[in-house]
């Protein structure tokens, strides 16, 4: 009993102590922000170079090493710019956009931040007036660092005509959907080359799974979310009917006819459905995300999958000596009649906050992030193709990367964007995607594959509904004073087999 | 619930002026002024951190609002109508209820059996057993979710490998990937994860049963099983109601587990209300958050829960009342 | 001798329990084993529990990558303060509501119980606005308030139940001894409620220690104030997951809770028993 009591006493004293500690902790915080006060007063015109400007840099941590990389780069930057102090704030990808929204809501937005999430997010940050247009900051020397067209009128670095961010990666690196294959497994089952056509692909996958006896499977895909499932659809679909864009997303549009056209993707969905129904796809794929997918591949349990370019590096990290091949995804038996599309030469990545009180210093950081020196470091660290060819010169390209570049050249062409004809589209594109019939088309496809349903009638039904939604939304936009017509979605002169270049 | 002394309201004698009743109230309040002082901090916290967010979300639910600035686009019951018309919501709704129900119907009885065994004070190592069964409760759900998705993978996952190696199965089981198995699998993991909580509740309940009762039963020649059903169960019944309620409420929010293990998939087979809300509030497929809509979904759900709980409490009260009547 | 026969008699039950808890703890055994494996052994090396080439790298990496040292310290401050705050608020309210029969008590109790059925998650925005309005955003105080503020109703009810169950004479004799209200509470009633203090401590400790969403939300612009629960997410990326680092981190972060539980488990169970009895 006495021991019990003394335990209790020590505990209470412990809590009391920690309570005091907590109080101190609070004070310490106040103290540290107090010491930071001189820097905070940088809001006053920083004419004197002695004043250190504090810049907050909010970044996405997509890989465990990302934060360390950016911190290291910022250290390099600060050495050259002792008057700027950059604080790197990392957020996990899943929480990133939410975090950004909350910090802007609290008027505590970062000075520099990532635009993560493609065009929709670029639109969001612009519409919410979080971004500072960068046109006035960028001089000719800065613009000249990037390939021609990076900041052209139709480039996605611009929203509503204004430049909203500094690009870094080659967008084709994000767009490419290569076929990853395990050479050793393919050879073991009698294939010296990866399949080039859909039927060859089905045949190889079937043979490997059937003869693999549960030890190895011919093919697998990612099914944890409709978005990652879309990678397989757009990879296998890139050679389908030309003129259709958006196989990966929820707005699949045929730009030759201006119509929503989920039906055009159904040949590929049908292939995937058959493979799944015959149990050719590795079991458990329904719950795999990208990480699980390339781990299974690296472990040698899956012979082929269609993925994203950055996965090559992750596979190498897990299994360095693996006999991995990277090839263009198989095309229809009748041959290629289209390409994977990219509407832009560059995409905005690093943006400045319109609320920033230290815009000059923030621009210095952006200037650094847009330098060849940084792109080079980024290429070396992340193994992601960057925009400036000069930044990659002299660095020996890994065999994987060389393959990847070949696949990019082979499978991607410039295409018009939905808004190329009429940029008024941007003003109501969000309402269109909000109003799209639920469940969205990628989910409909995923469900068709899992529950073995014919995708064609499902897609036809969806197309009818989606086209009605688009008509309604255009009409609502017109009523609201926005000039736009269905005709603006059509690009009759575009040859999908060629790059689409606008002067 | 077993809180509180019976309310001692002093009935005001009929025919007296309202003034004296007010004076009586004032006297009461003055008498209890320290009690009020003690409740005050809690009330302040409650209003600020529970009441205010609740009311605010009620307000938001009438607006078409993306969470930026102040909501202005008033749409009345539009969000509620859209939620109620979405089969996806009701699917999530049923799954969430299934979660809570499974814990009440499966986890609670199982936890009781284990608690009875571990309540034996002569049992060697009972503290170790208690700890081991409780460890899942204290570990981070997200980590547990990630670990289980590795363990349960049909391809190379430890569970399937073991089952295959021992020849129990000839084909790997697709625990999380099949629409038929994913929800039961999640439920099993969830039961495993939170098992320690009802176990501790039951252990606590068992301590309230006087040992003499068992001894008397032993003298009467009752076996262990008999005394379990004749003494343990009836003695635990009132506490059982409280535990049922707590278990039900605690398991209505399986967000972390579902999010890390399946994200509500495959094709929404394991979607729960919290992941549904999250999708609209934080993870817009199109780039814009729909806070008003998410709020409406949350409110519709909590209203339904409230109705269920009221029914549960009322039936419990009724059962208890008729039970005591029978005893008289 | 007696002990031995008792153990023998318990043998069937013991074997049963041993088997049950072993299967039960398998995921943890697996986590511990993974934390000593290299990334490639974990994926390519089969399902052996004993690592072929045990390594401490994961712990070293976890320590650095998750900023373990700093986050650990933050976690300790946040958790200890949350526990203290919750104990003070809930015990005082529980005492007043359990012993006092003041007007309005029923209303308060009803309000508390009804609010229990509010699903959390979508209330984060108003909560965020409140903390920002108070000027506590990006401070540990903000995290502490947001973490200890909402939904501590079960704890309040536990105290209410326990204090209500104490015999009335207790207060009467103390009053005769001349104890005032505050002394009565702090030196007589509160020490009596040790079991509930233990229970509430464990529950709020677990909650605060593992919390993820709240500490992340309120430290958006000051990562140096993040807690371990947030730090664990440094192992997840959309592109890759550091599984073995995660395992090592999980092992390190669960140890403090196990210690607290071992210390308090007795009060924990007694406490619950005491409060439900009433």
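Quick note: the coordinates plus some simple rules give every number you see, no bench work behind them. Bear in mind that the values here come from a model prediction, so they are computed numbers and not experimental data. Heads up, the Cβs are rebuilt from the backbone with ideal geometry, glycines too, and the neighbour counts pull from every protein chain shown.
At 1.567 mPa s and 4 °C, plugging the Kirkwood radius over alpha-carbon pairs of segment A:323-481 into Stokes-Einstein gives what diffusion coefficient in µm²/s? Translational diffusion coefficient: 63 µm²/s. According to the Cα-based calculation, Rg over Rh for chain A is 1.03, with Rh computed by the Kirkwood formula.
Show me A:456-464, C:212-220 ranked by packing, highest mean number of other Cβ atoms within 10 Å first. Each step should come with its number before you reach the end.
Details: A:456-464: 16.7, C:212-220: 24.1.
The most tightly packed comes first, giving C:212-220, A:456-464.
Segment B:290-313 and segment A:331-408 have Cα centres separated by 47 Å. Counted over chain A, the DSSP beta bridges are approximately 50% antiparallel. Report summary: the helix-based calculation at 222 nm, which adds -39500 (n - 2.57) for every DSSP H run with n ≥ 4 and divides by the residues of chain A, gives -14000 deg cm²/dmol. Express in whole angstrom the spacing between the alpha-carbon centres of segment A:70-121 and segment A:489-503. Result: 37 Å between the Cα centres.
Percent of Cα pairs in chain B per distance bin of 20 Å, from zero to the largest separation: 22, 47, 28, 4, 0. Result for chain B in a Gaussian network model with C-alpha springs under 10 Å: among B:257, B:314, B:40, the largest mean-square fluctuation is at B:40. Among C:40, C:221, C:148, the largest mean-square fluctuation in a Gaussian network model of chain C, built with springs joining Cα atoms closer than 10 Å, belongs to C:40. Ranked for footprinting exposure by Cβ neighbours inside 10 Å, fewest first, C:197, B:236 give B:236, C:197.
Per q in 0.15, 0.18, 0.22 1/Å, what log10 I(q)/I(0) does a Debye calculation on the alpha-carbon atoms of segment A:296-339 return? Taken in order of the listed q values, log10 I(q)/I(0) reads -0.47, -0.61, -0.78.
Scaled against the 2.2 N^0.38 Å expected of a compact globular protein of N residues, the Cα radius of gyration of segment A:93-210 reads 1.62.
Counting only other chain Cβ atoms within 10 Å of each residue's Cβ, the peptide B:57-66 averages 2.
Taking each residue in C:152-159, count the Cβ atoms of any other chain within 10 Å of its Cβ, then average. What number comes out?
Numbers: counts 5, 4, 3, 0, 4, 6, 1, 1.
For this peptide, the per-residue mean of nearby foreign Cβ atoms is 3.
Looking at the calculated P(r) for segment A:279-394, what percent of the C-alpha pair distances fall above 25 Å? Roughly 49 percent, rounded to a whole number. Which value does Rg/Rh take for the protein assembly as shown over its C-alpha atoms, Rh per Kirkwood? Result for the protein assembly as shown is an Rg/Rh of 0.99. Going by neighbour counts of Cβ atoms within 10 Å, the residues B:263, C:172, A:286 line up, fewest first, as C:172, B:263, A:286. Taking every C-alpha pair closer than 8 Å and separated by at least 6 residues, the mean separation divided by the residue count of chain B gives a relative contact order of 27 percent. Given Cα pairs under 8 Å that are at least 6 residues apart, what percent is the relative contact order of chain A? In percent, rounded to a whole number, it is 21.
What is the Cα convex hull volume of segment C:1-55 when expressed per residue in Å³?
Numbers: hull volume 5.7 nm³, N = 55.
It is 103 Å³ per residue.
Compared with the dominant principal axis of the Cα atoms in chain A, helix A:441-450 is inclined by about 60°. Per residue of peptide B:261-271, the mean number of Cβ atoms on other chains within 10 Å of the residue Cβ is 5.
Ratio to report: Rg/Rh of chain C, with Cα atoms as the point set and Rh obtained by the Kirkwood method; give two decimals. All intermediate terms of the calculation are to be shown ahead of the outcome.
On the way: Rg = 23.3 Å, Rh = 22.0 Å.
Ratio of gyration radius to Kirkwood radius: 1.06.
Ranking of B:313, B:39, A:159, A:469 by neighbouring Cβ atoms within 10 Å, starting from the fewest: B:313, A:469, A:159, B:39.
When DSSP assigns beta bridges and you keep just the ones with both residues in the protein assembly as shown, what percent turn out antiparallel, to the nearest 5? Spell out each step's value before the answer.
Details: 21 of 39 bridges.
So the antiparallel bridges amount to about 55 percent of the total.
Here, P(r) means the percent of Cα pairs in each 10 Å bin from 0 to the largest distance; for segment B:99-274 it is 9, 30, 30, 20, 10, 2. Of C:63, C:243, C:30, the residue with the greatest mean-square motion in the GNM of chain C, using alpha carbon springs below 10 Å, is C:30. Considering all C-alpha pairs of segment A:405-479, those separated by over 18 Å amount to 58%. Normalising the average separation of contacting C-alpha pairs (under 8 angstrom, six or more residues apart) by the number of residues puts the relative contact order of segment A:146-293 at 21 percent.
Would you please put C:103-110, B:186-193, A:292-299 in order of how densely packed they are, using the mean number of other Cβ atoms within 10 angstrom per residue and starting with the highest? Before the final figure, lay out each step's value.
On the way: C:103-110: 15.1, B:186-193: 21.1, A:292-299: 24.5.
Top of the packing list down: A:292-299, B:186-193, C:103-110.
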